[in-house]
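Report on one structure; see the data block that follows.
The values are calculated or read from the model by the stated rules, or taken from the named source; none is laboratory data. Being a predicted model, the structure only gives us computed values, none of them experimental. FYI the Cβ positions are ideal-geometry reconstructions off the backbone, even for glycines, and counts take in every protein chain you see.
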Amino acid sequence: MNGTIPAPTIEYALLAPMLVVFGAAIIGVLVEAFAPRYLRSAIHKPLTLLALAGAFVITIWQARTNIPTRPSAMGAVAIDGPALFIWGTILVLAFVSVLLINDEGHFVASASAVPGSAEEERALTEGAVHTEVYPLVLFAVGGMLLFPAANDLLAMFVALEVMSLPLYLLCGLARRRRLLSQEAAVKYFLLGAFSSAFFLYGTALLYGYAGSVDLAKIGSALGSVGGQDTLLYIGVAMLGVGLLFKIGAAPFQAWKPDVYQGSPTPITALMASGTLVAAFGALLRVFWVALGGLQWSWTPIMWGVAILTMVVGAILAITQTDIKRMLAYSSIAHGGFLLIGVVALGDKQQHNVSALSALLFYLVAYGFTTVGAFAIVTTVRDAGGEAWHLSRWAGLGKRRPLVAVVFSLFLLAFAGIPLTSGFFGKYAVFQAAVEAGATPLVVVGVVSSAIAAFFYVRVIVLMFFSDPAADGPSVVIPGGTWAVGAAAVLATVVLGVFPQPVLDLAHTAAQSLFVR
Amino acid sequence: MEPAKIIEHSGGVIGVSWLLIALPLLGAAVLLLGGRKTDRFGHLLGVATAVASFVVGVLVFLQLLGFDPAERRRTVPLYDFIPGLTKMGLLVDPLSISFVLLITGVGSLIHIYSIGYMAHDPNRRRFFAYLNLFVAAMLLLVLADNYIGLYVGWEGVGLASYLLIGFWQHKPSAATAAKKAFIVNRVGDFGLAIAIFTIFTAFNTVSFAGVMESGAHPSQGTLTAIGLLLLLGACGKSAQLPLQSWLLDAMEGPTPVSALIHAATMVTAGVYLVTRSGAMFFPEGSTAAIAVTIVGVATLLAGAIIGTAKDDIKKALAGSTMSQIGYMMLAAGVGPAGYAFAIAHLITHGFFKADMFLGAGSVMHAMNDEVDMRKYGGLRKVMPITFATFLIGYLAIIGFPLLSGYFTKDGIIESAMEHNATLGWLAVLGAGITGFYMSRLVFMTFFGQKRWEADAHPHESPAVMTWPLIILSVGSIFLGGFLILGNRFMTFLAPAVGRPEHLPSFHPFSVAGLVTLALVAAGAALAWFKYGAAEVPVTAPRGSFLTTFARRDLYGDALNEALFMRPGQWLTRLAVFFDNRGIDGLVNGIAAGIGGTSGRLRRVQTGFVRSYALSIFVGAAILVGAWFVVGNL
């Protein structure tokens, strides 16, 4: 007995999707180390896509056979209905984002070279490519999978870092506008580390309060531990900062426009879709499993955060002249709409299921549309790279009607116009919130949507009702991007016209709620 | 005698009576969708579908005659129209079949006539498509076995009328007239729509059979309201006071349109509506029925007075149409004693008015589309067939003994006299004025000196135009006597609308009849001295204030403009002002406010990572503080 450590029981089968992704990431590292440069790309692309697709198939298979009712891996990971749904969503979004990454020309040849130096010039002429992108993406996706499924705060912190660290790097790898890209990476890293510290400090304080980092145990401690409220309140607030930072809720949103703008656009797409989904999954789990008993106190605070987030996102987006920054603010506003759904979680089981399923549907709908929108951004190019300034998009409807129509569709979906996926997403969330008694919040949400509709429609007007400039940008659509756009259009339209299957799926997934 | 029960029917020609509507509708669809490819045979197809529909109508009529009179109300179920509200079916009974035969019969003749009249119009195919559309809609109106189906037909008729009045849309006057007709009709249609809503609320059904047999007993007030709203609808479509103003302008349409729609069929829809709803909503002596008679008498006098002063041949005829429909309304308001006369007059009027309108078209065709009668004169010698047929129509309308109008109008006057002597004598007065203005029209056109424009070379119209005139004039001679003598039509119609216990008998020498004849003769004589024997000035003299009153349509338009149009325009201007200054100001103000806020807020986004970190720190501090505040509440 003495000195022996009992071997943990790990349900490898249940963890298989994560294991496949992480395994592929490690193989990717080995490829980087041993395969000759000319082969790497050819190995990475199929490997990455196959890993993501395989993980997705396993997830589906798991969801169809048995959904565990207890946490797995000694209580560190909880694989339940919502987690599986979120996994499926993240894997599909990551898959389409990788299709975007596949298309050449987004990443720098040599990231370590000083921008504009002779060294960089040489790497360019040699045709060097940063194939490390692929294993980095796989690690980030692995982190995204673990983040919403983590059942204790330490596992969640590890997941947060596994997800974030590769993304910090990926942000700095843009081929064009190197300085902006490196600035974005440094900012993201500094602020991310700052917020991680908050998360960790909150974890420590909660451990001090509850004597455990296990979410369920913290939840049960809420009713039994007395006289430690200071620890609890500060701990919960700190934890909240870390999570709200990741979803870009105000007042922790400042990084989002700068990072979204500077990053290579395919990475922006991955962050705007996958990271957001993962962060919301984690946020829901923490506030539902661990802090469910404290709901009466966090609900008003979440109200304030949701209102501030929607208003800041919608209002600041109006004066943006850069398409990527505009989409970043749009993403902030959508984070606010999603927070309405978080507020709608309440005491009654029925409300919880409908609010949770509404959130899950919203995440799918928004994720697809946002990847599609960023995919379109990659196709409109000037001599110096992508044409970000809105004035360059003037008259695009006359030059490339199809591209403009597709982008308009995505913008209308963001605005929540009926017959697009965005309408049902918003509708489901708002309806759940009204049922839960959060009507004033819904009113703010609708007003913000109206403000947001202005800048979406403004872009449409610009594209279709302005004359194109003589030296307007050209539109280049590589095969992968084409497929991504088609998939996003399909998802946006099908979820907008015939949403019931996915709504049912989300409902079934939400039925089991989060396991404790 | 009460109307008979409506029974379900299947089989035979009646079973496929939907063909009546489907045939012209198909014609319209082919001509409208086929485009220029159908230009070559468009007019022939249009005529063929109308005639085919007439043939089906005759067969349906014959089958109907085969049944016992008490079983002559038959409904043919078609499909579930509005699930849970009403099924769609066709009601074939003596009333609807009378209309079917009139619409398809006279309609076919006018189709044929139009081949010649529109021969040189580049859009002849479109014209026939609209005519077919009109026939289909009108047939739906009279055949539907429920109010909603009737309403669909009602609106379809309104649409076809709009399209045809504005057929020469390159003329601003035609476009305006079409718009006016549409808008004025909208007022009436609104009344009909609300009436149908009320019927549904009160009876929980909209089918005629359902309402008739409904056990519901709505309050008298509800019934009166429904009756008055239905009357409003009828006034719109039938150009009765106060919604009469559109009919005179509607003469901007091609003349066959004036003949078919604005004389023979569409304008009779109001009479149909009142008669069809009579047993339910206009029982004898009810407020609604009294309102119908008052509207009828007022319109018959107003139309006649307008007719005395018009120099435009079509407008004089339009005034006459108003007046004659006023007679029908009067009879319809009288109740079961009047229905048969109302519908009989409607049918004979359909013949002689179509005859005269087409005759007028023939004259215009000959006179380079001149419509001013002061520039006609002496045309009887150059256009003998047109003259002869027109003369028969004229004699019929003024009630010349033994012609159609004599029997039917006399029936109306007699039944009105029995109902209320004042109404009866006013109707007699109307007949006298009719004698004057119709004689004036005939004398100015066909008699007296030639006052033609220099380039006018009148000639008789081609056979395709004269044959319909001849057929119509034969009807104008004999139809009235055939229908009225021996109460033939009243007996036939009785299962559909009921009839009085004592059948009226025809008195050739009643007091009212003799006075009517005397007044008509006096009117005709006056017209002869003023317009036949005397010189007619080519430019209209100023005339007394009474003449001006009549020329200006009794100031109906002025009244509408003062009461509705100008206040409406002011309201529009006010709304625009309020929209620009108030609402737009508010909206733009909010937008500017948000934009300004956005511009100020974005300065917070400095780009310095230290500021961002500070904002996170401050945010965290606020969050912690908030938690303490909320937690300790």
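On the basis of being within 12 Å of chain B (Cβ to nearest Cβ), without any contact (Cβ under 8 Å) to a residue 60 or more places away in the chain, under 25 Å from residue B:612 (Cβ atoms) and touching a helix residue (DSSP H, G or I) at 6+ places or on another chain (Cβ under 9 Å), does residue A:243 make the cut?
Working: within 12 Å of chain B (Cβ to nearest Cβ): yes; without any contact (Cβ under 8 Å) to a residue 60 or more places away in the chain: yes; under 25 Å from residue B:612 (Cβ atoms): yes; touching a helix residue (DSSP H, G or I) at 6+ places or on another chain (Cβ under 9 Å): yes.
Considered against the rule, which asks whether it is within 12 Å of chain B (Cβ to nearest Cβ), without any contact (Cβ under 8 Å) to a residue 60 or more places away in the chain, under 25 Å from residue B:612 (Cβ atoms) and touching a helix residue (DSSP H, G or I) at 6+ places or on another chain (Cβ under 9 Å), residue A:243 comes out as yes.
Looking only at segment A:229-240, how many residues end up being aliphatic (A, V, I, L, M), within 24 Å of residue A:334 (Cα to Cα) and facing chain B (nearest Cβ under 9 Å)?
Filtering segment A:229-240 down to residues aliphatic (A, V, I, L, M) leaves A:231-232, A:234, A:236-239.
Subset that is within 24 Å of residue A:334 (Cα to Cα): A:236-239.
Among the residues that remain, those that are also facing chain B (nearest Cβ under 9 Å) are: A:236-238.
Going through segment A:229-240 one residue at a time, the tally reaches 3.
Please count how many residues of segment B:582-633 are in a helix (DSSP H, G or I), over 19 Å from residue A:310 (Cα atoms), more than 7 Å from chain A (Cβ to nearest Cβ) and not aliphatic (A, V, I, L, M).
9
How many residues are in a loop (DSSP other than H, G, I, E, B), modelled with pLDDT under 90, more than 30 Å from residue A:178 (Cα to Cα) and touching a Leu at 6+ places or on another chain (Cβ under 9 Å) when one looks only at segment A:206-260?
The qualifying residues number 1.
Check segment A:73-85 and report whether any residue there is in contact (Cβ under 8 Å) with a residue 40 or more places away in the chain, in contact with a Ser or Thr (Cβ under 8 Å, 6 or more places away or on another chain), among the charged types (D, E, K, R) and surrounded by fewer than 16 Cβ atoms within 10 Å (Cβ to Cβ).
no
Name the single residue, out of those in segment B:537-563 being on the phi > 0 side of the Ramachandran plot and in a helix (DSSP H, G or I), that is surrounded by the fewest Cβ atoms within 10 Å (Cβ to Cβ). Write out each step before concluding.
Pass one, segment B:537-563, residues on the phi > 0 side of the Ramachandran plot: B:543, B:553-555.
Now restrict to residues that are in a helix (DSSP H, G or I): B:553-555.
Values: B:553: 26, B:554: 19, B:555: 13.
The qualifying residue surrounded by the fewest Cβ atoms within 10 Å (Cβ to Cβ) is B:555.
Name, by its number, the condition in (1) of a type in the set (A, V, I, L, M, F, W, C); (2) surrounded by 23 or more Cβ atoms within 10 Å (Cβ to Cβ); (3) at pLDDT below 85 that does not hold for residue B:390.
(3)
Please tell me if residue A:418 is of a type outside the set (Ser, Thr, Tyr) and farther than 30 Å from residue A:345 by Cα.
On the way: of a type outside the set (Ser, Thr, Tyr): yes; farther than 30 Å from residue A:345 by Cα: no.
For residue A:418, the condition - of a type outside the set (Ser, Thr, Tyr) and farther than 30 Å from residue A:345 by Cα - is not met.
Kindly provide the set of residues from segment A:205-215 that are surrounded by 20 or more Cβ atoms within 10 Å (Cβ to Cβ) and away from every other protein chain (no Cβ under 14 Å), ordered by number.
Residues of segment A:205-215 surrounded by 20 or more Cβ atoms within 10 Å (Cβ to Cβ): A:205-206, A:209-210, A:213-215.
Passing the criteria: A:210, A:213, A:214, A:215.
Does residue A:197 count as modelled with pLDDT under 90, assigned to a helix (DSSP H, G or I) and out of contact with any strand residue (DSSP E or B) (no Cβ under 7 Å at 6 or more places or on another chain)? Full working, then the answer.
Numbers: modelled with pLDDT under 90: no; assigned to a helix (DSSP H, G or I): yes; out of contact with any strand residue (DSSP E or B) (no Cβ under 7 Å at 6 or more places or on another chain): yes.
Against the criterion (modelled with pLDDT under 90, assigned to a helix (DSSP H, G or I) and out of contact with any strand residue (DSSP E or B) (no Cβ under 7 Å at 6 or more places or on another chain)), residue A:197 does not qualify.
May I ask you to list pairs of residues, at least six apart or on different chains, whose Cβ atoms are under 8 Å apart, with the first in segment B:582-599 being closer than 10 Å to residue A:319 by Cα and the second being among the polar types (S, T, N, Q) and surrounded by 13 or more Cβ atoms within 10 Å (Cβ to Cβ)?
B:595/A:319; B:598/A:319; B:599/A:319
To keep it simple, each residue is scored yes or no on (1) hydroxyl-bearing (Ser, Thr, Tyr); (2) assigned to a loop (DSSP other than H, G, I, E, B); (3) surrounded by fewer than 22 Cβ atoms within 10 Å (Cβ to Cβ); (4) within 23 Å of the chain's Cα centre (by Cα).
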| residue | (1), (2), (3), (4) |
| --- | --- |
| B:176 | yes, no, yes, yes |
| B:196 | no, no, yes, yes |
| B:218 | no, yes, yes, no |
| B:223 | no, no, yes, no |
| B:226 | no, no, no, yes |
| B:230 | no, no, no, yes |
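Within segment A:177-197, is there a residue that is within 12 Å of chain B (Cβ to nearest Cβ), surrounded by fewer than 24 Cβ atoms within 10 Å (Cβ to Cβ), within 23 Å of residue B:601 (Cβ to Cβ) and of a type in the set (Asp, Glu)?
yes
Any residue at all in segment B:469-482 that is more than 30 Å from residue B:305 (Cα to Cα) and in a loop (DSSP other than H, G, I, E, B)?
For segment B:469-482, residues more than 30 Å from residue B:305 (Cα to Cα) and in a loop (DSSP other than H, G, I, E, B): absent.
Can you give me the number of residues within segment A:302-345 that are among the β-branched types (Val, Ile, Thr) and free of Cβ contacts under 8 Å to residues at least 24 places away in the same chain? Spell out how you get there, then give the answer.
Step one: filter segment A:302-345 for residues among the β-branched types (Val, Ile, Thr), giving A:305, A:307, A:309, A:311-312, A:315, A:318-319, A:321, A:323, A:332, A:340, A:342-343.
This time we only want the ones that are free of Cβ contacts under 8 Å to residues at least 24 places away in the same chain, so: A:319.
Residues that pass the stated criteria total 1.
Which of (1) farther than 23 Å from residue A:191 by Cβ; (2) loosely packed, with under 13 Cβ neighbours inside 10 Å; (3) not β-branched (Val, Ile, Thr) is the odd one out, the single condition residue B:595 does not satisfy?
(2)
Might you check whether a residue that is hydroxyl-bearing (Ser, Thr, Tyr), within 13 Å of residue B:233 (Cα to Cα) and surrounded by fewer than 22 Cβ atoms within 10 Å (Cβ to Cβ) occurs anywhere in segment B:160-174?
Start the filter on segment B:160-174 by keeping residues that are hydroxyl-bearing (Ser, Thr, Tyr), which leaves B:161-162, B:173.
Okay, now just the ones that are also within 13 Å of residue B:233 (Cα to Cα), so none.
Within segment B:160-174, not a single residue is hydroxyl-bearing (Ser, Thr, Tyr), within 13 Å of residue B:233 (Cα to Cα) and surrounded by fewer than 22 Cβ atoms within 10 Å (Cβ to Cβ).
More than 30 Å from residue B:92 (Cβ to Cβ) and surrounded by fewer than 20 Cβ atoms within 10 Å (Cβ to Cβ) - does that describe any residue in segment B:473-480?
There is no residue in segment B:473-480 that is more than 30 Å from residue B:92 (Cβ to Cβ) and surrounded by fewer than 20 Cβ atoms within 10 Å (Cβ to Cβ).
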